[in-house]
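Following: one structure in structure tokens, then a few remarks.
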Amino acid sequence: MANPLRLPMVPRALRNLVSRPATRRYPYEIRPRFEGARGTIEFDVETCNYCMLCMRRCPAAAITVVREDRIWSIEHLTCIGCNVCVEVCNKNSLSMAKESKPVHTHAEVGPQGQRPGHEEWHGPDPAIAAAAKAAAAAT
């Protein structure tokens, strides 16, 4: 019978038992962002005119725009962070944040049954927004 201590993997296994982990414990220890790293997409609902350019140019098809209902939504888990939508936006409604979204460690269901990473914005109805601006200007 062969001596188990002479197997090539035994010294490495014993060394790994007493040493610290070789990898980062990701959701608990997050590496600081390096310079030039892209974060997540930020959206400004007030300046958007729902032209749908961002949706058409998104290579990952992560952005959904419904012009009639004035809805803009993004799937952060599908987004590849390429920055194409930010460059294409005429009204500068989109920007790239420096920080990333928090990590989802378990499956969560949103208020409307969406999966984690789904964000949706509803723009004000143009008639209501115009009435609100007129009322603000009157006072």
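The values are calculated or read from the model by the stated rules, or taken from the named source; none is laboratory data. Fair warning: this is a prediction, and the values are worked out from it, not measured in the lab. Cβ: placed from backbone, ideal geometry, glycine included. Neighbour counts: every protein chain shown.
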* Asked: Quick one: what pairs do we get from the stretch 9-33, first residue in contact (Cβ under 8 Å) with a residue 60 or more places away in the chain, second not in a helix (DSSP H, G or I), C-beta under 6 Å, 6+ apart or different chains?
  -> 27/103; 27/105
* Restricted to the stretch 82-112, and to residues that are surrounded by 12 or more Cβ atoms within 10 Å (Cβ to Cβ) and of a type in the set (Gly, Ala, Ser), which residue is modelled with the lowest pLDDT? -> 110
* Asked: Within the group 118, 76, which residue is of a type outside the set (Gly, Ala, Ser), touching a Ser or Thr at 6+ places or on another chain (Cβ under 9 Å) and modelled with pLDDT of 75 or more?
  -> 76
